[in-house]
Number of protein chains: 2
Amino acid sequence: QRIGELDSFSATDRVLVRVQDFTPEKADQLIWLRARVHTSRAKGKQCFLVLRQQQFNVQALVAVGDRASKQMVKFAANITKESIVDVEAFVRKVEQKIESCSQQDVELHIERIFVVSQAEARLPLQLEDAVRPDGEGEEEGRATVNQDTKLDNRVIDLRTTTSQAIFRLQSGVCMLFRDTLTKKGFVEIQTPKIISAASEGGANVFTVSYFKTSAYLAQSPQLYKQMCICADFDKVFCVGPVFRAEDSNTHRHLTEFVGLDIEMAFSYHYHEVIDSITDTMVQIFKGLRDNFQTEIQMVNKQFPSEPFKFLEPTLRLEYTEGLAMLHEAGVEMGDEEDLSTPNEKLLGRLVKEKYDTDFYVLDKYPLAVRPFYTMPDPNNPKYSNSYDMFMRGEEILSGAQRVHDAQLLTDRAIHHQIDLEKIKAYIDSFRYGAPPHGGGGIGLERVCMLYLGLHNIRQTSMFPRDPKRLTP
Amino acid sequence: QRIGELDSFSATDRVLVRVQDFTPEKADQLIWLRARVHTSRAKGKQCFLVLRQQQFNVQALVAVGDRASKQMVKFAANITKESIVDVEAFVRKVEQKIESCSQQDVELHIERIFVVSQAEARLPLQLEDAVRPDGEGEEEGRATVNQDTKLDNRVIDLRTTTSQAIFRLQSGVCMLFRDTLTKKGFVEIQTPKIISAASEGGANVFTVSYFKTSAYLAQSPQLYKQMCICADFDKVFCVGPVFRAEDSNTHRHLTEFVGLDIEMAFSYHYHEVIDSITDTMVQIFKGLRDNFQTEIQMVNKQFPSEPFKFLEPTLRLEYTEGLAMLHEAGVEMGDEEDLSTPNEKLLGRLVKEKYDTDFYVLDKYPLAVRPFYTMPDPNNPKYSNSYDMFMRGEEILSGAQRVHDAQLLTDRAIHHQIDLEKIKAYIDSFRYGAPPHGGGGIGLERVCMLYLGLHNIRQTSMFPRDPKRLTP
């Protein structure tokens with residue numbers, strides 16, 4: 001049952017069949033299959049196994065008879081759950097549909113069985129517990145698995161149909177993001193994560209020992225994507241980790257997450273940037289809706305949610321309009337105040353009621369609540385050419401037209417009492433001709449969480465990092 | 001000449017024409033263009049400008065006459081190089097081809113000109129110096145720009161045709177890598193960069209302050225991609241930064257680079273993994289050859305090199321065969337010794353001579369020179385199921401079949417005197433059933449450098465990091 005029982009080092013002519021290909025057309029064929037033992041149940045002279053590959057599973061049977069001895073049935077019955085086995089078996093049609101398996105019309109009659117990799121007998125969690133919807137089976141005393149146990153044993157938890165679906169969908173979001181932007185003429189760039197100066201004022205930044213000196217982990221690719229615009233790449237995007245040393249223990253904060261970043265030069269108005277980003281988001285939403293329905297349904301089984309709604313073109317509200325809706329709903333807040341998380345969510349509900357969309361843009365934020373490099377509104381100095389985008393009432397993107405003039409940037413930094421020495425390289429990037437430009441950064445895990453209607457970002461980060469979690 | 005001279009905040013109906021679209025068909029049209037002033041030269045009552053967008057440029061003319069005053073010609077002549085301007089101009093056919101421009105058949109007769117963003121008069125480097133091939137124009141006393149000056153002023157250096165071509169090609173490598181693997185059924189994963197324990201024994205790792213504790217920067221996504229295989233994702237890839245705290249100041253080492261990583265379960269032989277990786281590389285080479293010829297030629301103008309050659313199927317040599325070739329060439333080295341960099345290069349030349357390929361695989365390395373998690377060769381304990389891949393005689397990928405059995409992995413770790421406590425989480429990942437699997441990690445910057453026949457990895461890293469460079 002260890003390495004060598006099956007000689008996995010020498011090539012063979014055997015063709016392994018995939019579980020999802022076991023259909024009635026395969027009936028009576030003798031095949032080879034490699035799969036996990038999902039469950040096993042001995043019953044007299046027979047042993048019933050459910051063999052699993054990802055979300056697909058099939059019933060298999062070892063029965064004492066011509067080809068199988070008592071010993072073989074016993075051997076099969078003793079194979080631990082989650083072990084990987086190779087079986088040679090005949091595919092046989094069944095008379096009654098096997099409701100508990102994805103392959104309902106056939107079962108496998110096993111001729112030979114080998115253990116490729118044996119799982120330890122005691123599993124830290126049971127897959128069927130890990131996918132049970134909250135509340136289901138409570139009366140029968142069935143367990144669910146708490147999130148820390150799942151994350152501590154991620155290598156098993158990721159095998160559940162829910163996890164498989166979430167991360168295949170996440171892979172799809174990245175692909176749709178890049179494909180859409182590539183078609184629009186954007187160039188992918190790679191930006192450094194180790195930087196010499198904390199970019200945005202110095203708060204919430206991780207420090208790295210760098211040979212005999214210190215460095216920082218980039219909180220965003222902001223400076224670098226802007227440098228690429230100043231270097232004539234015109235339209236750029238990047239996908240990569242961003243780091244935030246924030247001691248926030250909430251459902252939507254991570255200390256390391258994946259940023260989908262966009263930056264582009266525009267011709268005459270920063271709304272050209274908003275239009276490019278919202279169209280990219282719409283292409284992502286459509287791609288998920290059209291190509292990831294199986295995954296969406298699988299996640300919905302455990303975590304039910306309403307289908308994600310969006311409009312074309314995307315709804316764009318001005319900050320003052322959003323504020324007016326909140327005032328009307330009884331919220332008291334000042335004109336130049338930022339949205340609190342509860343107000344953000346309330347506004348999301350109000351927008352959903354009024355416009356029937358889960359995705360919208362809030363444009364023209366008060367200048368006072370945005371970073372120093374945000375372009376002021378030329379028509380009203382209280383506001384700025386900046387915007388956030390929301391999914392199901394939570395922020396997924398923050399962006400703006402950037403100040404592209406070194407002198408104005410210096411003035412704005414002084415106004416924000418930022419040490420000019422520390423941002424000298426940044427400001428100098430704009431001294432040799434810089435086109436008007438803007439962009440934004442999207443949180444990948446948030447997009448996945450909110451698209452699927454989940455409630456904790458740790459579900460959409462494969463190996464989440466927060467102030468209390470650094471493992472696995 | 002500051003913001004506001006051209007009101008770039010209000011939408012207009014103007015359509016900006018791209019420089020590459022200025023062809024004789026556009027003759028006599030009145031158009032708008034936004035571009036950089038590449039050069040300007042006043043000559044009596046005229047001012048000749050070359051206007052540039054990325055690798056394209058066009059000649060433009062302001063002449064005293066009906067539409068332009070003396071003052072306007074003077075204004076145009078005084079616009080600093082690299083400034084961004086908007087011009088309204090008539091496209092006019094020219095009788096003699098303009099050899100110095102990409103648009104040779106037309107020139108622009110400027111009616112109006114505005115400065116969108118003015119460059120400082122003193123540029124830290126001249127673009128024409130930065131693209132001059134080594135040695136060219138030396139007699140005329142023409143300068144070239146040394147690499148540190150280029151990197152210190154990357155925002156200007158990236159505007160050269162050579163840099164534009166290199167990084168567009170790099171973007172292509174990433175796209176081809178992902179597209180090929182996605183078609184093969186691989187899933188893209190995102191792995192954490194901040195980790196709690198130094199994965200590969202603890203040497204050469206950067207330390208991060210993490211709230212009240214310490215953490216490390218991942219030297220590779222090794223553990224995480226293997227966990228994904230143990231979690232039934234079957235075939236995975238990831239593209240992301242990897243960090244090496246090596247004090248190596250060579251032409252091919254960076255402290256931060258982009259890893260293109262692959263990991264996959266296989267059925268019966270680890271050569272299935274090699275075949276998947278080599279086919280992916282071949283698809284990249286073909287994609288570059290077929291779709292990036294313009295970029296390759298542009299880089300070749302400054303840095304001439306032979307076209308990159310590869311075979312189908314990819315040449316695979318065993319380590320002992322490589323050693324025999326080196327011995328025959330007079331190199332003395334032991335059977336279980338690793339290849340030194342000079343021997344690696346020499347072997348590359350010998351392989352090129354004998355097989356006419358710039359890409360090959362060296363298979364079955366001595367077990368002694370590989371990490372503890374490498375699967376030993378079951379037929380000869382001196383060797384291992386591991387391989388490196390080479391481009392133009394330099395290593396671009398290191399990979400292997402991994403030990404997927406917790407007990408054998410423990411034995412190997414003890415043999416390598418690795419502290420078991422520190423790799424407990426890693427070993428535990430294999431306790432619940434793990435399929436045989438293998439993979440490898442490719443250095444993106446090396447692939448680009450060697451494909452283009454360049455000689456320094458800093459040319460193919462947009463913002464390189466080495467022990468002495470952390471900026472910009």
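Applying the Karplus relation 6.51 cos²θ - 1.76 cosθ + 1.60 with θ = phi - 60° to region B:136-148 yields 3J(HN,Hα) values of 5, x, 4, 5, 7, x, 7, 8, 10, 10, 6, 4, 5 Hz, where x marks Gly and Pro. Simple spin-label estimate for residue A:353 and residue B:20 gives 5.2 nm between the two label positions (7 Å along the Cα-to-Cβ direction from each Cα).
The candidates A:353, B:344, arranged from most to least accessible area with a 1.4 Å probe in the full protein assembly, appear as A:353, B:344.
Rg to Rh ratio, region B:205-259, alpha-carbon atoms and Kirkwood radius? Value, to two decimals: 1.07.
Its relative contact order, with pairs defined as Cα atoms under 8 Å and 6+ residues apart, puts chain A at 13 percent. Packing around the peptides A:129-142, B:395-408, taken as the average count of other Cβ atoms within 10 Å per residue, puts them in this order, highest first: B:395-408, A:129-142.
Charge tally for residue A:357 (other residues, Cβ to Cβ under 13 Å; Lys, Arg +1; Asp, Glu -1): +1. Given a 1.4 Å probe and the protein chains as shown, residue A:450 ends up with an accessible area of around 10 Å². Work out, in µm²/s and without decimals, the Stokes-Einstein translational diffusion coefficient of the protein assembly as shown at 25 °C, 0.890 mPa s, Rh from Kirkwood over C-alpha pairs. Here the translational diffusion coefficient equals 80 µm²/s. Overall, region A:308-372 carries a charge dipole of about 240 debye about its Cα centre when +1 sits on the Cβ of Lys and Arg and -1 on the Cβ of Asp and Glu, all other atoms neutral. When shorter helices are ignored and each DSSP H run of at least 4 residues is given -39500 (n - 2.57), the per-residue value for chain B at 222 nm works out to -8500 deg cm²/dmol. Among B:106-113, B:153-160, A:144-151, sorting by the average number of other beta carbon atoms lying within 10 angstrom of each residue, highest first, gives B:153-160, B:106-113, A:144-151. Per residue of A:208-220, other chain Cβ atoms within 10 Å of the residue Cβ number 4 on average. Computed from the C-alpha gyration tensor, the three semi-axes of the ellipsoid equivalent to region A:336-446 are 30, 14, 13 Å, from longest to shortest. Looking at region B:101-192 from every direction and averaging, what is the projected area of its Cα convex hull in nm²? Over all viewing directions, region B:101-192 projects a mean Cα-hull area of 12.2 nm².
Counting only other chain Cβ atoms within 10 Å of each residue's Cβ, the peptide B:429-442 averages 5.
Each Lys and Arg contributes +1 and each Asp and Glu -1, all at the Cβ; summed about the Cα centre of the protein assembly as shown, the dipole is approximately 40 debye. Of the residues A:432, A:355, ranked by 1.4 Å probe accessible area with the largest first, the sequence reads A:355, A:432. Here's the picture: charge each Lys and Arg Cβ at +1 and each Asp and Glu Cβ at -1 in chain A, and of A:359, A:16, A:393 the one pushed furthest to the positive end of that dipole is A:16.
Between A and B, buried accessible area summed over both sides at probe 1.4 Å, in Å² to the nearest 100? Numbers along the way, then the final one.
Numbers: alone 23620 and 23540 Å², together 38260 Å².
Buried area (both sides, nearest 100 Å²): 8900 Å².
Percent of C-alpha pairs per 5 Å bin in region B:208-301, short distances first: 3, 10, 13, 15, 17, 16, 13, 7, 5, 2, 0. Ordered from largest to smallest accessible area (heavy atoms of protein chains, 1.4 Å probe), the residues A:391, B:175 come out as B:175, A:391.
Rolled with a 1.4 Å probe across the full set of protein chains, the surface gives residue A:414 an accessible area near 100 Å². Taking Cβ atoms as reference points and 11 Å as the exclusive limit, the residues near residue A:449 contribute a net charge of +2, counting Lys and Arg as +1 and Asp and Glu as -1.
Rounded to the nearest Å, what's the spacing between the alpha carbon centres of region B:79-145 and region B:266-321? Just the number, please. First find each Cα centre; the distance between them is then 37 Å.
Would you mind classifying region A:61-100 by shape? Square roots of the alpha carbon gyration tensor eigenvalues, ordered a ≥ b ≥ c; an a/c under 1.5 is rounded, otherwise it is prolate if a/b is larger than b/c and oblate if not. Write out the running numbers ahead of the final one.
On the way: a/c = 1.96, a/b = 1.26, b/c = 1.55.
In terms of gyration-tensor shape, oblate.
The shape of region A:1-127 comes out rounded: with a ≥ b ≥ c from the C-alpha gyration tensor, a/c is under 1.5.
For region B:428-468, the alpha carbon convex hull comes to 125 Å³ per residue, rounded to a whole number. Dipole check for region A:5-79: with +1 at the C-beta of Lys and Arg, -1 at the C-beta of Asp and Glu, and the Cα centre as origin, the magnitude is about 420 Debye. When the alpha carbon gyration tensor of region B:383-453 is reduced to an equivalent ellipsoid, its three semi-axes come out at 31, 13, 12 angstrom, largest first. If one computes the Cα centroid of region B:219-256 and of region B:150-202, what distance in Å separates the two points? For region B:219-256 versus region B:150-202, the Cα centre distance is 12 Å. Label point of residue A:275 set 7 angstrom out along Cα-Cβ; within region A:292-315, amide nitrogens under 16 Å from it belong to A:312-315.
I need the shape label for region A:62-136. Rule: rounded when a/c is under 1.5, else prolate if a/b > b/c, else oblate, with a, b, c from the alpha carbon gyration tensor. Note, shape of region A:62-136 comes out oblate. For chain A, the calculated P(r) over all alpha carbon pairs, in 20 Å bins from 0 to the bin holding the longest distance, is 20, 44, 26, 10, 0 percent.
Pairs of C-alpha atoms in region B:264-368 farther apart than 20 Å represent 53 percent of all such pairs. Between residue B:407 and residue B:368, the C-beta separation translates, for a Förster distance of 22 Å, into a calculated FRET efficiency of about 0.55.
Take the eigenvalues of the Cα gyration tensor for region A:152-245, scale each by 5, and report the square roots as semi-axes in whole Å, largest first.
Here the semi-axes work out to 29, 24, 9 Å.
The solvent-accessible area of residue B:74, taken with every protein chain present and a 1.4 Å probe, is close to 140 Å².
Each of B:173, B:163, B:191 was placed along the dipole of region B:138-199 (beta-carbon charges, centred on the mean Cα), and the one lying farthest toward the positive end is B:191.
The values are calculated or read from the model by the stated rules, or taken from the named source; none is laboratory data. These numbers were taken from a predicted model, which means no experiment stands behind them. For neighbour counting, all protein chains shown are included, and Cβ atoms are generated from backbone atoms with ideal geometry for every residue, glycine included. Protein only, heavy atoms only, side chains kept; ligands, DNA and RNA dropped before computing areas. Shrake-Rupley method; radii C 1.70, N 1.55, O 1.52, S 1.80 Å.
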